[in-house]
Amino acid sequence: MPWEIGYLLDEAEQWVDAGRRTRKHDGRLEGLTQINAFFENSTRTLLSFEIAGKRLGADVVNLAAGASSLKKGETLLDTALTLNAMRPDVIVIRHESSGAVALIAEKVDCPVLNAGDGRHEHPTQALLDALTIRRRKGRVEGLTVAICGDILHSRVARSNFHLLAALGAEVRAVAPPTLMPPHVERFGVTAFTDMDEGLAGADVVMMLRLQLERMEGAYVPSTREYFRSHGLTRARLKAAKPDVLVMHPGPMNRGVEIDSAVADDIQRSAIAEQVEMGVAVRMACLDILTRPRRDAA
Amino acid sequence: MKPVLFRNARLVDPWNGTDRIGDLLVAERIIAATGAGLAAPADAEIVEASGKLLCPGLIDATVFRTDVEAAVAGGITSVLLMPDQSPPLDDPALVERAERLGKPRLWVRPLAAATRNLNGRELAELGLMQEAGAVAVATGRAAIADAKVMLRLLRYAAGLDLVVIAHAECPFLTAGAVAGEGEYATRLGLAAAPAAAEAVQIARDLRLAREAGAALHFACVSTAEGVALVREARAAGQDVTAGTAPAYALLNETALAGYRSFARLSPPLREEADRLAVRKGLSDGTLSILVSRHDPRTQDDKRQPFADAAPGAAGSATLLALGLTLVHDGVLTLPALLAALSAAPARRFGLPGASLSPGAPADLLLFDPDAPWRIDADTLAGIAGNTPFDGLPVTGKVLRLLKGGETLLA
């Protein structure tokens, strides 16, 4: 396992503990400016990064631009230069276009955190998923993790393919053929189009959100047919290990990709815990990435 | 105009299939004589050309912009201009205007838009545009989706003896896509279309062209299956030709790494097996015409996230050098390369100036096939330097270019 991942997850543990105290403030990012530049709508990830920054004492500013203000004429690189001129100490970026975050990162002088770019990557989500699994299962290595649903459009799936494989898990991609990207096996994962086969013997089942506009005939015929073939129900979950852990990056479509009885099963569902781990992981990222400039100050 | 005598050049004449050392005399805007030890007229400029190659000026059979500087730097004397202009070349007056745009340094041969405003529905005035100077009819950047419209276009064009130049990508399969399906598109999270999008369109258009008895040319073939379909149709005797661009023989999907928007092309870069098949297609003559698909884009169009960047690459200034790379690789012989860059498009589209026969117009290129240089996007001649080959060492330097006996570059 790459030591950097283990180190980051270890660091995040302290923030889980800190987050459970009444007084959660740490203050090590005191005086630093954190810009959350979200060019694509987000509620939970933006909130998570904002809370993470504030708990560490940073001055957090949110730019929830949507793609619309960019379409007024300013190019993305001009926006990047504008942000950079505000002299931030860390920028968190989400953008609807794959590769856009890396493009901006080339143009600014501070650390950039990718909060999701197109279908490409969502690294902090994968990290929080790994932390959740590690805390619940005691390890990631050797576990069978089935990632199920709209793999084609999912940055969460791609980041988890990289991370969980690096941590030694056996990763499966489970999706209907229309939502499975070509050559997915090159990520080192095994592809299943049959949900029951994909779930067999799994230690962890990670469900992905299916975008509503993709459900009505474009990629799958209907939500009810999708639920029949790929929805996670109690009956279907019997194929997995008895102590299977159920995860979902949210927001959930209950009755589409996941049955409420499964989502709300406190024995097996880690969905709320994932949100909590998200704040801790993001605090660890913000802390670690700003250390060089804090040390230099 | 002073006569020019080239001495001891390697004279490659792809039209006549000859390749020999000799002299060539230009006078009165035409090739006056070729042979050994020609006598120099008293007022002639003598160009000592031993070790250098003299051939017809290149004909670039697909460009999207009239970019005289890029063409001249690339040794090109004629370009076939795609109808995707602003406004599209769908009217005789626009065709006439487009033809004049390159004067006096470049022959611009306009291609008539197949349909009005390139809308893919109503036929444009092909006959009138032909009279105005259009050398063929083209569907432009996109294929005609409606098979009935395509069939009528092919029938109508056949009646005018116009070759139809078709874009070989099924528009339904490529809608929304910014890359070709493959490992890289999946890794980078880019919306992608399958390589089959090309085969689907080629198969349909081949069948419709047979139905219509029309002459068909695929502007750019980039997949293994596409090459195979064209090869098969040619073997069966169908009147079909196809072109490709250097990028499809030299690059594959790996060029997309790091979201390099200069590698966003249309058709997209493919998987390695497709690249190898394109090279095979060039070798065996299935892909008989090599084109630049010159499409200069400014920084504003390209310095964008990959999916938002405009597709296309500048190609005129690097066409010869990249073609010579294929010669060095053993894909093409030097005469075969020069045929793909002059005689083949001239024959297909009925253009003058692709031979060294006495009496032919003096559109001539003198170059040093071994002179090395490095492609540099920042200093590339022309409107813009958006080349996916930035930094590549190549050989082949244009030493002199003549159009109608007039020296454009020396």
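The values are calculated or read from the model by the stated rules, or taken from the named source; none is laboratory data. For clarity, every value in this text was computed on a predicted model and none was experimentally measured. Cβ sites come from the backbone with ideal geometry, for glycine too, and all protein chains shown count toward neighbours. For the accessible areas, the whole protein counts, side chains as well, though only heavy atoms, and no ligand, DNA or RNA atoms are used. Shrake-Rupley method; radii C 1.70, N 1.55, O 1.52, S 1.80 Å.
Only protein heavy atoms count here; on that basis, with a 1.4 Å probe, A:Asp259 has an accessible area of about 50 Å².
Taken about its Cα centre, segment A:101-153 carries a charge dipole of roughly 420 debye when the Cβ of each Lys and Arg holds +1 and the Cβ of each Asp and Glu holds -1. Note on surface exposure: A:Asp117, A:Asp295 rank A:Asp295, A:Asp117 by accessible area, highest first, 1.4 Å probe.
With all protein chains in place and a 1.4 Å probe, the accessible surface of chain A carries 51 percent carbon and sulfur. Entry comment: accessible area of segment A:136-251 is 40 Å² per residue, from protein heavy atoms only and a probe of 1.4 Å.
Whole-Hz Karplus values for segment A:286-295 come out as 4, 4, 5, 6, 9, 4, x, 6, 5, 5 Hz, taken residue by residue from phi with 6.51 cos²θ - 1.76 cosθ + 1.60 and θ = phi - 60°; glycine and proline positions read x. Remark: the protein assembly as shown is approximated by an ellipsoid whose semi-axes, taken from the C-alpha gyration tensor as √(5λ), come to 57, 29, 21 Å, largest first. Sorting B:Ser261, B:Ser357 by accessible area puts them as B:Ser357, B:Ser261; the probe is 1.4 Å, largest comes first, and only protein heavy atoms count.
Bridge orientation summary for the protein assembly as shown: considering DSSP beta bridges with both residues in this region, about 35 percent are antiparallel. Each of the peptides B:360-369, A:133-142 was scored by the mean count of other Cβ atoms within 10 Å over its residues; in descending order, highest first, they stand as B:360-369, A:133-142. The residues of chain B expose on average 36 square angstrom of accessible surface per residue, using a 1.4 Å probe on protein heavy atoms. Note on A:174-183: average number of Cβ atoms from other chains within 10 Å of each residue's Cβ is 3. In segment A:146-297, a dipole from Cβ-located charges (positive for Lys and Arg, negative for Asp and Glu) runs towards its positive end, and of A:Val156, A:Val246, A:Gly198 it is A:Val156 whose Cα lies farthest in that direction.
Among B:Gly57, B:Gln85, B:Leu101, whose Cα sits farthest toward the positive end of the charge dipole of segment B:56-145 (+1 at Cβ of Lys/Arg, -1 at Cβ of Asp/Glu, about the Cα centre)? Going by the charge dipole, the pick is B:Gly57.
Shielding value for B:186-198 is 5, the average number of Cβ atoms from other chains within 10 Å of each residue's Cβ.
Computed with a 1.4 Å probe over protein heavy atoms only, the accessible area of B:Glu125 comes to about 90 Å². The stretch between A:Arg236 and A:Ala218, if pulled fully straight at 0.36 nm per residue, gains 4.0 nm over its current Cα-Cα span. Exceedance of the 18 Å cut-off in Cα-Cα distance is limited, within the set B:Lys2/B:Lys397; B:Lys2/B:Lys403; A:Lys137/A:Lys241; A:Lys24/A:Lys54, to B:Lys2/B:Lys397. Chain B packed on chain A takes about 1500 Å² of accessible surface away from a 1.4 Å probe, both sides summed. Our estimate of slack between A:Arg136 and A:Arg20, defined as 0.36 nm per intervening residue step minus the Cα-Cα distance, is 40.0 nm. Its Cα centre serving as origin, segment B:256-410 has a Cβ charge dipole (Lys and Arg +1, Asp and Glu -1) of approximately 220 debye. Distance distribution note for segment B:265-409: the fraction of Cα pairs above 22 angstrom is 47%. Label point of A:Gln267 set 7 angstrom out along Cα-Cβ; within segment A:208-237, amide nitrogens under 20 Å from it belong to A:232-237. Counted by Cβ distance under 10 Å from A:Val140, the other residues give a net charge of 0, where Lys and Arg count +1 and Asp and Glu count -1. In segment A:85-114, the residues whose accessible area drops by at least 40 square angstrom when the other protein chains are added to the isolated chain are A:Ser97, A:Ser98, A:Leu103; the probe is 1.4 Å and only protein heavy atoms count. Calculated FRET efficiency, A:Ala297 to B:Trp373, Cβ-Cβ distance, R0 = 56 Å: about 0.70 to the nearest 0.05. Going Cα to Cα from B:Lys302, which lysines come in below 23 Å? Please leave out same-chain ones fewer than 8 positions away. B:Lys302 reaches A:Lys71, A:Lys72, A:Lys107. Each Lys and Arg contributes +1 and each Asp and Glu -1, all at the Cβ; summed about the Cα centre of chain B, the dipole is approximately 220 debye.
Placing A:Tyr226, B:Tyr156, A:Tyr219 in order of accessible area, with the largest value first and a 1.4 Å probe, yields B:Tyr156, A:Tyr219, A:Tyr226. Surface composition of segment B:281-410: carbon plus sulfur atoms hold 51% of the accessible area, using a 1.4 angstrom probe and ignoring ligands, DNA and RNA.
Can you tell me the 0 to 90 degree angle between the C-alpha axis of helix B:319-328 and the longest principal axis of chain B, rounded to 10? Between helix and principal axis, roughly 90 degrees.
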